[in-house]
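Let me begin by presenting the structure, written as structure tokens, before commenting on it.
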Amino acid sequence: MSRPSRFEGTIGRTVAESEAWFDEPPHPGDDAPNVVLVLLDDTGFAQFGCYGSDIDTPNVDALAADGLQFTNFHVTPLCSPTRASLLTGRSQHAVGMRSVSNFRTGFPNQLGHISNHAATVAEVLRDRGYATFCVGKWHLAPMEQCSAAGPFDQWPLARGFDRFYGFLEGETDQFHPELVCDNHPITPPGGPDSGYHVSEDLVDQLLTMVSDSKGVRPDRPFFAYVPFGATHAPHQAPPEYLEKYRGRFDEGWDVIRQRWFERQLELGVIPEGTRLAPRNPGVDAWDDLPENQRRLAARLQEAFAAFLDHTDAQIGRLVAGLRHLGQLDNTIFIVCADNGASQEGGPFGVMHEMKFFNGIFETPDEAIDKIDDIGGPHSHTNYPWGWAQCGNTPFKWYKQNTHEGGVHVPLVVRAPRFVPEGEAGSQRRQFVNVSDIVPTIYDLVGVTPPETYRGVEQLPVTGRSFASVFDDAAAPAANTLQYFEMAGSRALVATDGDVSWKAVCKHQPGADYDTETWELYRLSDDWSECNDLADAHPEKLAELIELWWQEADRHGVLPLDDRLVELFGARFRPNSPHPPDRRYVYRPPMSPMPGQASAAIAGRSFDLTASVTRSHGDDGVIFATGTENSGLSVFVQHDRLVVDYNAFDEHTVLESDVDLPPGDCTVTVRVRRRSGMTGSMSVAVDGVPAGSADLDLFMRMMSSVGPSIGYDHGSPVSTRYSAPFPFAGELHEVVIQLLSRQDAEALDAEAASEMSRQ
């Protein structure tokens with residue numbers, strides 16, 4: 001008879017002749033600290049109060065006053081790469097995440113997930129006996145794998161976390177989030193009418209997880225990763241927070257940026273002699289803006305400030321909860337951001353961020369009538385470039401750029417057991433990179449990362465622990481050579497003693513990598529990259545460029561690839577959510593699907609055909625994708641087939657000119673892409689044309705929220721019903737056939753011929 005491979009007792013013929021043995025699970029030790037890692041999204045260097053702003057962030061400020069405030073902390077310029085580096089202690093390219101997880105490129109530097117050769121800190125600590133929790137934004141799995149069909153091998157529970165509560169996509173509506181609990185989608189427990197906001201929900205869930213764990217196993221420490229959706233667009237906050245900031249930014253970004261800069265100098269978060277970088281190209285002087293542009297921009301900044309303030313309050317609730325549980329002082333509490341403030345609001349800001357990705361710059365005169373929607377559930381806003389650069393004070397450029405505005409962000413660490421009492425409230429100016437955080441955690445908790453994990457050989461942990469600076473403000477920086485890369489933009493920071501140099505290239509898509517211009521800054525004297533020394537020190541620039549290529553080779557950066565938005569499209573292939581024949585068949589009941597795991601209708605011509613059985617009065621949604629801010633809904637109302645094409649709150653509603661018959665019925669919706677940004681749609685009942693409409697704006701990217709079959713999850717796409725408005729009849733199936741231009745033209749000709757016979 002086979003026995004367990006590891007049994008250290010003895011087995012005789014009877015129990016009396018045998019010796020029992022019990023294997024014990026690993027335990028990190030009675031004094032092992034808890035670790036809480038809070039990550040904010042798209043939060044610039046200056047936006048916390050303790051980093052210069054006048055936005056109220058008293059809880060983060062208190063953590064800094066009771067811990068260490070790092071003023072020279074760097075990350076990657078984009079969310080998923082930073083998260084991959086943060087959780088593994090390795091280069092983002094080396095672990096397969098050069099860009100967001102929404103796509104793969106067929107090269108090792110963009111797997112769409114963290115390589116299995118790079119165990120996460122959650123995997124390592126769980127194997128040492130830690131409880132591990134994650135609440136918030138994941139964005140580290142290929143999005144076409146994030147439906148209820150899986151596979152689940154790159155979801156949080158498969159990458160080291162015992163529990164997960166949050167969302168898998170890069171953003172979500174804060175009032176109507178697409179939530180996942182552990183490995184399955186769930187419906188949010190409330191909505192805006194009941195005062196629900198996902199940031200509050202995340203903290204509630206985490207405190208319950210910690211209480212559950214500590215109540216039963218008080219000896220067991222925990223690791224909690226808390227990546228808030230804030231402050232990524234949409235900027236949404238409860239009404240009382242929005243009201244608090246009314247009028248606070250009417251002075252404009254020039255005056256307020258100067259004020260924040262002066263406060264940074266007073267606080268010491270930037271060195272004396274630092275210059276305020278000039279306004280970025282595309283950012284006009286506030287006083288030169290038309291009144292409507294100023295009004296819109298100020299209100300968009302108010303929404304951001306309210307969002308950040310509200311998030312800070314949730315961090316305060318988490319701190320208070322840990323204090324109540326008696327866990328706070330045995331916790332390493334870390335707060336940081338994933339990249340600089342976002343440029344995705346364009347020059348004017350947007351009422352709906354997806355407009356930016358459709359190449360639409362909504363003018364303030366067009367948006368001003370909806371100004372009171374900003375920050376609430378009927379908005380998906382992002383602020384303009386001027387406020388983004390203000391958030392990145394004193395730097396230039398933004399998220400997605402390898403200049404300091406994209407990569408230089410706040411880091412606060414409260415760790416009473418590891419920071420001497422006299423050092424609490426002090427600053428650290430040593431260069432630190434995001435990949436250095438996990439090695440520091442390992443150092444503090446006494447863990448050595450494994451060379452193999454679950455039988456898989458591991459990449460070396462290349463980050464450097466900066467634990468030495470916790471008790472010694474004068475300790476040298478552990479990280480003295482750090483590369484950066486994002487969609488072809490490159491940079492390298494090299495430190496020798498007190499002197500740091502930075503070479504940086506802002507790549508333009510399609511430009512020649514070998515001939516485009518690099519800039520050179522003596523960063524230790526020029527934090528804001530105002531004095532380009534490339535012409536004065538060509539030999540130093542050449543040296544750093546060569547070092548960049550060496551680091552790129554060492555960390556798996558190559559090949560350089562400047563593709564980004566164009567990679568979001570579906571890859572049609574066998575054995576995937578996107579079949580080669582481009583025909584999708586959905587049969588309810590089904591959970592909501594992510595946009596990238598469902599029929600790729602945005603920007604394409606398609607036919608949607610649904611088979612139903614119904615009685616008179618059986619209304620409801622057949623298919624809906626998107627939100628109240630943009631999307632498409634196909635539904636039955638008052639016995640008519642209705643299509644609502646919601647192009648950023650401009651609704652084109654087509655209603656069939658005949659009633660649907662009782663009994664079995666087939667309904668068809670034909671959507672066609674036309675020239676430029678236009679399109680058309682038509683409907684048919686049992687094959688007979690029943691109406692058509694032109695679409696003045698045909699959306700190339702529709703929404704970050706995907707479809708539901710037989711109901712409308714989240715906020716309602718159409719104003720003609722309240723969600724979820726489930727279909728009351730029997731919905732047998734929904735078939736979506738994507739069409740090539742030739743297919744669409746042939747089918748349109750056939751439909752026209754049919755119409756002529758009516």
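The values are calculated or read from the model by the stated rules, or taken from the named source; none is laboratory data. Computed from a predicted model, the values in this text were never measured in an experiment. Neighbour counts run over all protein chains shown; Cβ positions are idealised from the backbone, glycine included. Accessible surface is based on the protein model in full, side chains and every heavy atom, while ligands, DNA and RNA are left aside. Shrake-Rupley method; radii C 1.70, N 1.55, O 1.52, S 1.80 Å.
In terms of modelled amide H atoms, which long-range or inter-chain residues lie less than 5 Å from the amide H of Asn339?
The list, which skips near neighbours in sequence, is Asp42, Thr43.
Kirkwood Rh, Cα Rg: Rg to Rh for segment 1-131? Write down the numbers at each step before the final one.
Working: Rg = 23.2 Å, Rh = 19.3 Å.
Radius of gyration over Kirkwood radius for segment 1-131 works out to 1.20.
Just how far, in whole angstrom, is segment 246-323 from segment 548-626 if you go by their alpha carbon centroids?
Centre-to-centre distance over Cα atoms comes out at 37 Å.
Can you work out the Karplus-derived ³J(HN,Hα) for every residue in segment 137-151? Use 6.51 cos²θ - 1.76 cosθ + 1.60 with θ = phi - 60°, whole Hz, and x for glycine or proline.
8, 8, 6, 9, 9, x, 5, 6, 9, 9, 8, 5, 7, x, x
If amide H atoms are built 1.01 Å from N in the plane of the peptide, which residues on other chains or at least 5 residues away come under 5 Å of the amide H of Leu411?
Sorted by chain and number, the residues that satisfy this are Phe70.
For the chain, what does the relative contact order come out to in percent, with C-alpha contacts under 8 Å and a separation of six or more?
On the way: 1766 pairs, mean separation 113.2, N = 758.
Computed value for the chain: 15 percent relative contact order.
Among bridges DSSP assigns within the chain, what percent are antiparallel (round to 5)? Kindly include the intermediate steps, with their values, before the conclusion.
Working: 95 of 123 bridges.
Just about 75 percent of them are antiparallel.
Based on the Cα coordinates of segment 470-621, what is the per residue volume of their convex hull in Å³? The partial results should precede the final answer.
Details: hull volume 39.3 nm³, N = 152.
It comes to 259 Å³ per residue, whole-number rounded.
Mark the label point 7 Å from the Cα of Asp193 along Cα→Cβ and return the residues of segment 228-256 whose backbone N is within less than 20 Å of it.
237-240
Suppose R0 equals 41 Å. What FRET efficiency, 1/(1 + (r/R0)^6) with r the Cβ-Cβ distance, do Ala148 and Thr666 give to the nearest 0.05?
Numbers: r = 27 Å, r/R0 = 0.66.
Once the sixth-power term is evaluated, E becomes 0.95.
Tell me the label-point distance for the pair Thr452, Arg573, using the 7 Å Cα-to-Cβ offset, in nm and rounded to one decimal.
The modelled label-to-label distance comes out at 2.9 nm.
Which ³J(HN,Hα) values in Hz, rounded to whole numbers, follow from the phi angles of segment 588-596 under the Karplus curve 6.51 cos²θ - 1.76 cosθ + 1.60, where θ = phi - 60° and Gly and Pro get x?
Result, rounded to whole Hz: x, x, 9, 6, x, 10, x, x, 7.
At 10 °C and 1.306 mPa s, grab the translational diffusion coefficient of segment 551-604 from Stokes-Einstein with a Kirkwood Rh over Cα pairs, rounded to a whole number in µm² per second.
Values: Rh = 14.0 Å.
In µm²/s, the coefficient is 113.
Phe361 to Glu421: extension gain in nm, 0.36 nm per residue of separation minus the Cα-Cα distance? Intermediate results must be reported in sequence, preceding the final value.
Numbers: separation 60, 0.36 × 60 = 21.60 nm, distance 5.15 nm.
Here the answer is 16.5 nm.
Per residue, how large is the accessible surface of the chain? Use a 1.4 angstrom probe and give square angstrom.
Value returned for the chain: 37 Å² of accessible area per residue.
Please list the non-local residues whose amide H lies under 5 Å from the amide H of His139, H modeled 1.01 Å from N, same-chain partners needing a gap of 5 or more.
Glu169
Cα centroids of segment 348-416 and segment 455-495: how far apart, whole angstrom?
That distance is 28 Å.
How large, in Å, is the chain by the Kirkwood hydrodynamic radius built from its alpha-carbon pairs? Don't skip to the end; give the middle numbers.
Values: mean 1/r = 0.0364 Å⁻¹.
27.5 Å is the Kirkwood radius here.
Using each residue's phi in segment 213-227, evaluate 6.51 cos²θ - 1.76 cosθ + 1.60 at θ = phi - 60° and report the 3J(HN,Hα) Karplus result to the nearest Hz, with x for Gly and Pro.
5, 6, x, 8, 10, x, 7, 9, x, 10, 10, 10, 10, 10, x
Ignoring ligands, DNA and RNA, please state the percent of accessible area on segment 379-504 from carbon and sulfur, probe 1.4 Å.
Values: 1860 of 3910 Å².
Its accessible area is 48 percent carbon and sulfur atoms.
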